Amino acid sequence: MNFQIIITSWYQANHRNLPWRASTDPYVIWLSEIILQQTRVEQGLPYFNRFLAAFPTVRDFAGASETEILKLWQGLGYYSRGRNMLYTAREVMELHEGVFPVAYDALIRLKGIGAYTAAAISSFSSGESRAVLDGNVFRVLSRYFGIDIPINSTAGKSTFSTLSQSLIEGQDPAVYNQAIMEFGALQCKPKSPNCAVCPLQDGCAAYAGNLVNHLPVKLKTVKVKTRYLNYLFCLKDGQVLVNKRIKEDIWQHLYDFPHIETSHAAEPGDPEFSSSLQEMFGKDVVLRPLMEMKHLLTHQIIYVKFFALDNYITNFSMDAEVNWVSWQELDELPQPKILTKFIQSVNINS
DNA sequence: AAAACGGGGCC
DNA sequence: GGCCCAGTTTT
């Protein structure tokens, strides 16, 4: 038996029942695929269900506001995915008259849809023969064929892309694509794959060469940087001062509090901190330390301090992105995880 | 070619 | 603490 037959038979016997697999609607597939980018199935699943319930069609999606989309996206991360989806939904309404494209060449032009997602949507919705290449496929192929070219290098992407496309020829594209990804997710896992009962054990180069734990090879790149954010929690007449994050930075278009970033952990009397506060408020203000948190992102370690400003804020120079809102309004705004945590603990302690 | 972009689970 | 997850976009 060849590689493809073993993979697809394994899939028939072992696959999970995932809701998006029940549909060939390109809109539904699109929804699931964007949500699942760099995201585990278990984490994305509830988001998929909520989005589909809220927006059954691309027309419904296109009619939403960005805040609405980001609020539903809250907690999932990589928020540009949500913003790009809204852009693309509107594009589909205007350019394709509300009919979601199924052809790879049309899909690849849409914002937020890259090579992987275009292959996934086109193969699942219309049976176009485009091999998906995601983390699972890289891993399965590099192990089975014993390829040690780094999967995140240009040469690696090219090599694996050619190989995977050659393997899908003659197969049912939708089934084969699902099968190889599911095989990578459940059987050929990154850590402690179950080689003892693997149906591909016979032809597996990594197994034969005892290289399973060394493949795939990946170039490490990410430099983690450390940041210090000092949040200013301003309350007045039951309203909270919120800030819309409009800069090119993490959490773009989400809402948090006005804050001052310092180059190091800052105490209220710190010169750098104080001068920024002076600039922001036009006079000295008194801070009351509330809480400290450490927030971990893939490439940032953020030390967060929350301070209360109980008064002194009458002269606050309001930027366009800063606004007073009620607790109720704040709750309806999309916000970073760290802020949700803070708000919860304030509610518990009050 | 490299960096930026979240949050969570697992070892 | 490091790695990885149904990747894409920007620099």
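The values are calculated or read from the model by the stated rules, or taken from the named source; none is laboratory data. These numbers were taken from a predicted model, which means no experiment stands behind them. With ideal geometry, Cβ positions are generated from the backbone for all residues, glycine too; neighbour counts draw on all protein chains shown. Side chains included, ligands, DNA and RNA excluded: accessible areas come from the protein's heavy atoms. Shrake-Rupley method; radii C 1.70, N 1.55, O 1.52, S 1.80 Å.
Key figures
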item: Conditions (1) closer than 25 Å to A:Leu133 by Cβ; (2) of a type in the set (S, T, N, Q); (3) open to solvent by 60 Å² or more (accessible area, probe 1.4 Å): number failed by A:Thr39; result: (3)
item: Strands (runs of 3 or more DSSP E) wholly inside segment A:203-320 containing at least 1 residues that are within 16 Å of DNA strand C (Cβ to nearest atom) and open to solvent by less than 70 Å² (accessible area, probe 1.4 Å); result: A:225-236, A:288-296, A:300-309
item: Enumeration of residues in segment A:142-200 that are over 16 Å from A:Gln4 (Cβ atoms), part of a loop (DSSP other than H, G, I, E, B) and open to solvent by less than 60 Å² (accessible area, probe 1.4 Å); result: A:Gly146, A:Ile147, A:Ile149, A:Pro150, A:Ile151, A:Asn152, A:Ser153, A:Pro193
item: Candidate set from segment A:193-239 (those that are at pLDDT 95 or above and of a type in the set (Ser, Thr, Tyr)); member that is nearest to A:Ala13 (Cα to Cα); result: A:Tyr207
item: In segment A:52-95, the residues that are farther than 24 Å from A:Ser23 by Cα, within 16 Å of DNA strand C (Cβ to nearest atom) and polar (S, T, N, Q); result: A:Ser80
item: Where a residue in segment A:206-232 is farther than 28 Å from A:Gln187 by Cβ and its partner, wherever it lies, is at pLDDT 95 or above and within 11 Å of DNA strand C (Cβ to nearest atom), with Cβ under 7 Å and at least six apart; result: A:Val224/A:Ile301; A:Thr226/A:Ile301
item: Residues satisfying the stated conditions in segment A:11-29, i.e. over 23 Å from A:Gly98 (Cα atoms) and surrounded by 19 or more Cβ atoms within 10 Å (Cβ to Cβ); result: A:Tyr11
item: Residues of segment A:32-60 satisfying the condition of being touching a helix residue (DSSP H, G or I) at 6+ places or on another chain (Cβ under 6 Å) and in contact (Cβ under 8 Å) with a residue 40 or more places away in the chain; result: A:Glu33, A:Ile34, A:Ile35, A:Val58
item: Where A:Ser122 falls short, out of the listed (1) near DNA strand C (Cβ under 10 Å from one of its atoms); (2) in contact with a Phe, Trp or Tyr (Cβ under 9 Å, 6 or more places away or on another chain); (3) in a helix (DSSP H, G or I); result: (1)
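Rundown of residues vs (1) β-branched (Val, Ile, Thr); (2) more than 30 Å from A:Glu329 (Cα to Cα), yes/no style:
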position: A:Ala54; (1), (2): no, no
position: A:Phe124; (1), (2): no, yes
position: A:Glu128; (1), (2): no, yes
position: A:Asp148; (1), (2): no, yes
position: A:Thr159; (1), (2): yes, yes
